[in-house]
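First the structure, then my questions, so here it is.
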Amino acid sequence: MSVSAFLTDPTLCIGCKACEVACKEWNGLPQDGLEWTGFSYDNTRQLGASTWRHVLFLEQARPLGTQIAGGEDPFRWVFLSDVCKHCENAGCLEACPTGAIVRTEFESVFVQHDVCNGCGYCVVSCPFGVIDKRVEDGRAFKCTFCYDRQKAGLVPACAKTCPTQSIKFGTIEEMESRAQERVTELRARGYSDAHVYDARGTSVGRSHALFILLGEPEAYNFPPAPDVPTVHLRSAWTAATVAAAVGFLIVCAAFLL
Amino acid sequence: MPGLGTSFGRGGSTTAPSELLNSDAILIMGSNMAENHPVGFQWVVEARERGTKVIHVDPRFSRTSAMTDLWLPLRAGSDLLFLGGLIRYVLENGREFREYLVHYTNAAVIVADEFRDTEELDGVFSGWNPETKSYDPTSWLYRGISEKNGPPDLAHYESDSTLEHPRCVFQLLKKHFARYTPEVVEAGCGIPREMFLKVAEIFTSASGAERTGAVVYSVGWTQHSSGVQVIRAAAILQMLLGNMGRPGGGILALRGHASIQGSTDIPTLYDILPGYLPMPALGPVSRTLADYIARNRQSTGWWANFDKYIVSLLRAYYGEAATPENDWGFGWLPRISGDHSHQGYWLDMNEGRMEGLFVLGQNPAVGAPNARLERRALSKLKWLVVRDLVEIETTAFWYDSPEVRRGELKPEEIGTEVFFFPAAGHAEKDGCFTNTQRLLQWHEKAVDPPGDARSETWFIYHLGRRLKEKARNDPRPRNAGLAALTWDYSVEGIHSEPRVEEILAEINGFRSNNRQPIASYTELTADGSTACGCWIYSGVFPAPGDNHARERKVHDAYGHGWGYAWPSDRRILYNRASARPDGQPWSERKKLVWWDEEAKRWTGVDVPDFAAGKAPDYRPAADAAGDAALAGDKPFILHPDGLGWLWVPTGLKDGPLPTHYEPLESPIRNQLYSTQQTNPAAEAKAGPENAYADSPDPRFPYVLTTYRLTEHHTAGGMSRTLPHLAELQPEMFCEISPALAAECDVRHGEWVTVVTPRGLVEARAMVTSRVRPLRIHGKLVHQIGMPYHWGFRGLVKGGAANDLVAISEEPNVRIMETKGMLCNLVRGRSGEGPAALKRLRSLMERRP
C-alpha cells in the first residue's frame, strides 16, 4: 500500500470552501455553528470535531509576489485550507489510553469511534489543535484521511473537489518533492516569503499534510516549532520521581529529627 | 445579449472558460469569476500559472482579485469610462489590428451624413425624440441606405479601406472616444493615470497576429442602466485588437447560474421566441406572418433564413393545425402590447392590474429589485402559484415578512390565495442545461423526488393538458391556439413524468411527414415540411437515440465529444476570423480554422463557423441573397454585411456607439455632458414606492453595489436552507473601508443600517481594506458592498439587499441597476415592529 499525503498550496486556492463542504458531505458531518465571526470570510474559525477541513482567510498589508493590489500600498488576501497533519509521531495517538486511535496502512492516524471512551486526552495532546470532542456525543473526531475512499482507491473528498488543484494528493515522496519545487518556482516568481511548512526536524516528524505558506506560520495558527507532548514524558517522569524522592526524604527526616 | 448580438450576430458567449488557457492576457471586469464561477475559474488559475497576465477591475478586492496580477478598484458605474479609455488608447497609439479591422469589421464603412454624435449634441445621438423619450435610429444607418418596410439593405455600403474618410466608422469612433483620456478615466473612475496606462499596455500588447487577449464579464456589466452599451464597448475593444473568433480571444459572457444562457436561447423572456426570433408586437408590423417576416427577414446574411425558422417553429407549436391557409397559426401567438418585462409586470401588479402569477425557480420576494415593493405587489394578486424546493419567502410573504412584522401588511387583509407546490431538484429529474459557453449538457435523474415533489416539466405538461381539455370544451376564439397546440409527449413512471428527451427531439426538429429528425438547421424549410422548436439547437439530436447533449467522450482540445455547443457544435464563434482574409492562419501559434486549398474546404481544430466550401476569395454577384451574398472574407455571417459591428446601424435603442452616462443615482454629475446625466433611453420608473436619490445627494452620500458570495446561491432559496452552506456565511454583512468606518463611527462587527430611498437593511459591518475610498473629481467617494443572499426564512436569516434596489430599465433588455446606487449608512440596527416602520420612514426621507 502506497503512503499518501496532501500538499495544500494557498497560491492556487480561491477560497471557495468546496473542500470544507465536500468533507462534510462525504463524512456526514453536522453543521457546527451558524455564527458570523467577522474573521474576513472565515466563519468556520478552526478545525474541530465536525470540521475536518478549514479554510482560513488572511488579509495582510503585504504584497503577494508581484501582484499590484490597487496601488502602491501592499495588500494580499491569502486562503489556506487546513487539515489534520497525520503526524509520524502523533500526539493524539500516543495519548489515547483505549487504543481507539490507530495508525492505518496508509500511515494516517485514524480514530475508531466504537473504541473511543471520550476521555479527551488526545484533544490536549495534538500540537495543532486538530482533534476535538463533539459536545453532544462526547467522543473525539477528526479527519479520517478519507480512509474509506482511499481503501477503494479514491482520492480524499477534499482533494477531489478542489477546482484549482490547490489541494494535491499523492505519494508522500512526490508531495514532498513537489512542495520544494513549488517553493523554488514561487520564489523565482517573486513570492519571497514562500516556504514549505513541514514538521520534519521536530518531534512530530514526517507529516502527511504538507503546506506551502506565505510568511510566518503563526499567521495561519500553525506552531512554528510543533512538539508532541510525549517527548516531555521522560523529563516529566524524572521530575516526578525526584519530587517523590525528595518528599519521601523530607518525611523520613521529619521522623528522624 | 443584444450587446454581443448586435456587435457580432449572436447573443451568446463567443468563447469558453477552458479557452482562457490560450489567452495571453485576461481582463476580468464586471465579474467576480472566482466566487461565482469557481469551477470555470480553474482555467484562469492555470493560465496564470503558464504566464498569462490576469487583470481584475472591480469596485471591491474579491476572491477573484486575490488571484490576479493586477487589481484596480473603480467607482461602481464608471465601467464605460474605463473601457472608452482603453478604446481611445488603442486608437490614439495605433494599436489597432489594421488588417483584421479593415476586412472583418465595419470600420471602413461610411455612415449616413445625417448622423450627429453625442459629442455634437451634448449627450444624445441624432434621432432623439424628447417627447417619446426614444430614438429614431434611421440616421445611424450606413450612407445611402434607408429603412423602408423591411430591414435595411446593409450589404451594399460605401467604404474606404484606408480608414481616412471623415465619415467612416473608424474616424467617427476616434472622434467619439477622443475625450476618454487617462485623465478623464482617473477623475471619473478613481483609477490613477499610471495604473490605467499600465493595464492598457498589458492588454493591448497581448493582442495581434501572435497573441490574443480575452475579456470576461458577468452581470457586473449587465445590471447597469447602460449595461448593454458597456458590453458593446468591450466588443469594440476586442474587434479593434483583432481578438474575436480567435484562440484565447473573445468575450466570455459568464452566466449567473445553470442554464441562464438556455433561458434566453429558449427564452423565459417576453420579447423573443426560441432561437432569438422576435416576439410579434400588436399592430400592423406583425398582423400577418408575411408582415412579420418582411419586417425581420434580412435579404443577405444568415437571417435570410428567418422565414424557415419561424414557420418551422409554428409547425412545432401547432403541428397539423398549422397550415398555409391559417398563416401556420401565426395569429395564435401572443402579441406584445406593452412592457411585460419583469420590471413592467411587477409595477402592473402593484397597481392591481394582474390577477395571478406563477413563480417557478425564482424568489422575487427577496431576489428581485425593490423587493419591498414586490412583496406588497404580491399581496394585490388574487392567486399565486409558487413551485420551489422549500417554502421560500415568495410563498410566505403574507404571514412572515418584514412588512407584516412592521405592521405595513396584515395577513387578515391579504386576499392572495397562495398555492405552494414542492419542486424536484435537478438531480431528481432528467433534463438539459445550456451553460455559459452555449454548451448543452444532459443530466439524468439520480433519485426520485421525495413525496409530492415533481419536475417543472411534469407541472407544465399536466397543467397544459388540463387547460387544453378545458379549451376543447370552450370554443371561444381565444382558446383556438391552446386547442391547436401540440402536446403529445409520452409519460413514464408512477408519476407520469413526461419523457424529456422527446422535448429535446422536438427542439432539434423533424420532418413533418414522418417525424424523422433533421441533422441541422440548414435542412429547415418555410413550406411546412419541417418542424423545429429552436433552430439554433438543431443538430443536438440528429437521429433517434443520438442525443449529443449526452455525449461525454472528449476527443480534441476544444472539447468536441462532450455535450453539444450551439450552433453546429462550434466552440469558438466567428472562427473564420482566426484566419487571414486569404484563409491562412494569422500565425502558427494562434491557428484555429483555415482554408484547405487542396480539399477546397475550411478545416481546423474547431467546427468552422462558416460555409464549409466558401473559398476565401469568393465574391458574391450583385444580386446574390442570403449567405451567398457574403464574400469569403466576411466572418460575422449572421450580420447582413458579414462584418463585426464596431458601429451598430440597427438593433439598439440607445445609440450606435457606447457613451458614458452616470448611473441613475450617482455621487457626481456627468463630466462628459452638461445636460445629459443618465442614459436618456433608460427608464427609472420613478414613483413614491420606487423613489430615487438625487445625483449627488447629501442624504445618500455613498455608492452602493450588490453582489454574490461563493457560499450562497442567488437570493439564497437553495443555500440558506442547507446547513453545510448556511454555516459558511450565516449573516448579512456589508463591506466598508476603514476610512468609511471612521467617518460613520462604526467598528468592525457592529450592526449598521444601510438606507436608500427604497428601503433599509441591517447588516454587520465588515471593515476591510478590500474596499477603498476613491478620489473622484477631487472628492473622496466611499463605496459600500452588500451581498444579496439573505431573506426572512431559512436556517440563516438577514436583510434582503434587494429591498434597497430600484426597479429600473436599461432600454434594450429592461434590466435593473443593482451595481451602482446611492445609499447612507448609520450605526445600529433597524429594529422590529411598528417602531421599525417609523425608523424606516424617517431614514428614507431624512433631509440633511
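The values are calculated or read from the model by the stated rules, or taken from the named source; none is laboratory data. This is a predicted model, so every value here is computed, not measured. Here the Cβ is made from the backbone with ideal geometry for all residues, glycine too, and neighbour counts use every protein chain on show.
Any idea how many residues of the stretch B:402-418 are within 13 Å of B:Ala377 (Cα to Cα) and part of a loop (DSSP other than H, G, I, E, B)?
Within the stretch B:402-418, residues that are within 13 Å of B:Ala377 (Cα to Cα) and part of a loop (DSSP other than H, G, I, E, B) number 5.
Can you find even one residue in the stretch B:632-646 that is away from every other protein chain (no Cβ under 14 Å), crowded, with 20+ Cβ neighbours inside 10 Å and not in a loop (DSSP other than H, G, I, E, B)?
Looking for residues that are away from every other protein chain (no Cβ under 14 Å), crowded, with 20+ Cβ neighbours inside 10 Å and not in a loop (DSSP other than H, G, I, E, B), one finds at least one in the stretch B:632-646, hence yes.
For the stretch B:741-760, give me each residue that is touching a helix residue (DSSP H, G or I) at 6+ places or on another chain (Cβ under 9 Å), of a type in the set (A, V, I, L, M) and farther than 24 Å from B:Tyr692 by Cα.
Scanning the stretch B:741-760 gives a single hit, B:Val746.
Taking A:Ala240 and the conditions (1) closer than 30 Å to B:Thr68 by Cβ; (2) out of contact with any Lys or Arg (no Cβ under 9 Å at 6 or more places or on another chain), which numbered condition does it fall short on, given that it satisfies the others?
Result: A:Ala240 fails condition (1) only.
With the requirement that a residue be among the polar types (S, T, N, Q) and within 11 Å of another protein chain (Cβ to nearest Cβ), what does the stretch A:28-50 give you?
Those that are among the polar types (S, T, N, Q) and within 11 Å of another protein chain (Cβ to nearest Cβ): A:Gln31, A:Thr37, A:Ser40, A:Asn43, A:Thr44, A:Ser50.
Further question: Taking the stretch B:714-725, which residues are under 10 Å from B:Trp790 (Cα atoms) and either at pLDDT below 95 or facing another protein chain (nearest Cβ under 7 Å) (or both)?
Matches in the stretch B:714-725: B:Thr714, B:Ala715, B:Gly716, B:Gly717.
Right, here's the next one. Of all residues in the stretch B:173-215, which are more than 15 Å from B:Leu27 (Cβ to Cβ), of a type in the set (A, V, I, L, M, F, W, C), under 29 Å from the mean Cα position of the chain (by Cα) and outside any helix (DSSP H, G or I)?
B:Phe177, B:Ala178
If you don't mind, there's one more thing I want to ask. Residue by residue through the stretch B:403-450, note down the ones that are hydrophobic (A, V, I, L, M, F, W, C), surrounded by fewer than 16 Cβ atoms within 10 Å (Cβ to Cβ) and closer than 30 Å to B:Arg552 by Cα.
Result: B:Ala427, B:Ala446, B:Val447.
Does the stretch A:34-50 hold any residues that are acidic (Asp, Glu) and either in contact with a Ser or Thr (Cβ under 9 Å, 6 or more places away or on another chain) or buried (at least 17 other Cβ atoms within 10 Å of the Cβ) (or both), and which are they?
Selection gives A:Asp42 alone.
Then there is this: Counting residues that are charged (D, E, K, R), which strands (runs of 3 or more DSSP E) fully inside the stretch A:1-93 reach at least 2?
Because the criterion is at least 2 residues that are charged (D, E, K, R), the strands (runs of 3 or more DSSP E) in the stretch A:1-93 that meet it are A:53-60, A:76-83.
Tally up the residues in the stretch B:56-69 that are more than 9 Å from every other protein chain (Cβ to nearest Cβ), farther than 14 Å from B:Arg770 by Cβ and surrounded by fewer than 24 Cβ atoms within 10 Å (Cβ to Cβ), please.
Residues flagged as more than 9 Å from every other protein chain (Cβ to nearest Cβ), farther than 14 Å from B:Arg770 by Cβ and surrounded by fewer than 24 Cβ atoms within 10 Å (Cβ to Cβ) within the stretch B:56-69 amount to 0.
Follow-up. Of everything in the stretch A:134-161, what is under 22 Å from A:Asp32 (Cα atoms) and over 16 Å from the mean Cα position of the chain (by Cα)? Give them in sequence order.
Hits for the stretch A:134-161 are A:Arg134, A:Val135, A:Glu136, A:Asp137, A:Gly138, A:Arg139, A:Ala157, A:Thr161.
Kindly provide the set of residues from the stretch A:1-27 that are hydrophobic (A, V, I, L, M, F, W, C), under 17 Å from A:Cys146 (Cα atoms) and within 14 Å of chain B (Cβ to nearest Cβ), ordered by number.
Correct list: A:Ala18, A:Cys19, A:Val21, A:Ala22, A:Cys23, A:Trp26.
Evaluate the following for B:Val771: is it touching a Lys or Arg at 6+ places or on another chain (Cβ under 6 Å) and surrounded by 20 or more Cβ atoms within 10 Å (Cβ to Cβ)?
yes
What about B:Ile231, is it in contact with a Gly (Cβ under 6 Å, 6 or more places away or on another chain) and under 30 Å from B:Ser587 (Cβ atoms)?
In short, yes.
Within the stretch B:456-498, how many residues turn out to be of a type in the set (A, V, I, L, M, F, W, C) and exposed (fewer than 12 other Cβ atoms within 10 Å of the Cβ)?
Within the stretch B:456-498, residues that are of a type in the set (A, V, I, L, M, F, W, C) and exposed (fewer than 12 other Cβ atoms within 10 Å of the Cβ) number 1.
Exactly one of these conditions fails for A:Val109: (1) crowded, with 23+ Cβ neighbours inside 10 Å; (2) within 9 Å of chain B (Cβ to nearest Cβ); (3) without any contact (Cβ under 8 Å) to a residue 40 or more places away in the chain. Give me its number.
Among (1) crowded, with 23+ Cβ neighbours inside 10 Å; (2) within 9 Å of chain B (Cβ to nearest Cβ); (3) without any contact (Cβ under 8 Å) to a residue 40 or more places away in the chain, the lone unmet condition for A:Val109 is (2).
May I ask you to say which residue of B:Ala611, B:Ala628, B:Ala599 is at pLDDT 95 or above, part of a helix (DSSP H, G or I) and either among the small types (Gly, Ala, Ser) or buried (at least 21 other Cβ atoms within 10 Å of the Cβ) (or both)?
Only one candidate passes the filter, namely B:Ala628.
In the stretch B:11-24, what count of residues is obtained for those that are within 14 Å of chain A (Cβ to nearest Cβ) and surrounded by 24 or more Cβ atoms within 10 Å (Cβ to Cβ)?
Within the stretch B:11-24, residues that are within 14 Å of chain A (Cβ to nearest Cβ) and surrounded by 24 or more Cβ atoms within 10 Å (Cβ to Cβ) number 1.
Taking the stretch B:70-100, which residues are touching a residue at least 60 places away in the same chain (Cβ under 8 Å) and within 14 Å of another protein chain (Cβ to nearest Cβ)?
Hits for the stretch B:70-100 are B:Leu70, B:Leu72, B:Pro73, B:Leu74, B:Arg75.
Consider only pairs whose beta carbons are under 6 Å apart and that are at least six residues apart or on different chains; among these, list those whose first residue lies in the stretch B:532-555 and is more than 16 Å from B:Ala316 (Cα to Cα) and small (Gly, Ala, Ser) and whose second residue is assigned to a loop (DSSP other than H, G, I, E, B) and modelled with pLDDT of 95 or more.
Pairs found: B:Ala549/B:Val540; B:Ala549/B:Gly563.
Residues in the stretch B:323-343: is at least one outside any helix (DSSP H, G or I) and within 21 Å of B:Phe8 (Cα to Cα)?
Looking through the stretch B:323-343, none of the residues is outside any helix (DSSP H, G or I) and within 21 Å of B:Phe8 (Cα to Cα).
Within the stretch B:228-259, track down each residue that is in a helix (DSSP H, G or I) and either touching a His at 6+ places or on another chain (Cβ under 8 Å) or touching a residue at least 40 places away in the same chain (Cβ under 8 Å) (or both).
Matches in the stretch B:228-259: B:Val228, B:Gln229, B:Val230, B:Ile231, B:Arg232, B:Ala233, B:Ala234, B:Ala235, B:Ile236, B:Leu237, B:Met239, B:Leu240.
Here's something else I'd like to know. Which one of B:Glu120, B:Glu49 is over 30 Å from B:Phe610 (Cβ atoms), without any contact (Cβ under 8 Å) to a residue 12 or more places away in the chain and either within 14 Å of another protein chain (Cβ to nearest Cβ) or surrounded by 22 or more Cβ atoms within 10 Å (Cβ to Cβ) (or both)?
None of the other options fit; the residue is B:Glu49.
A further question on this structure: Taking the residues in the stretch B:765-787 that are touching a Leu at 6+ places or on another chain (Cβ under 9 Å) and more than 11 Å from every other protein chain (Cβ to nearest Cβ) as candidates, determine which candidate is farthest from A:Leu34 (Cα to Cα).
The selected residue is B:Leu780.
Name every residue in the stretch B:375-401 that is assigned to a helix (DSSP H, G or I) and free of Cβ contacts under 8 Å to residues at least 40 places away in the same chain, in order of residue number.
Listed by number, the residues that qualify are B:Arg375, B:Ala377, B:Leu378, B:Thr394, B:Thr395.
In the stretch B:457-476, which residues are among the acidic types (Asp, Glu) and not in a helix (DSSP H, G or I)?
Answer for the stretch B:457-476, where residues must be among the acidic types (Asp, Glu) and not in a helix (DSSP H, G or I): just B:Asp474.
Of all residues in the stretch A:51-86 being crowded, with 23+ Cβ neighbours inside 10 Å and hydroxyl-bearing (Ser, Thr, Tyr), which is nearest to the other protein chains (Cβ to nearest Cβ)?
Here the answer is A:Thr51.
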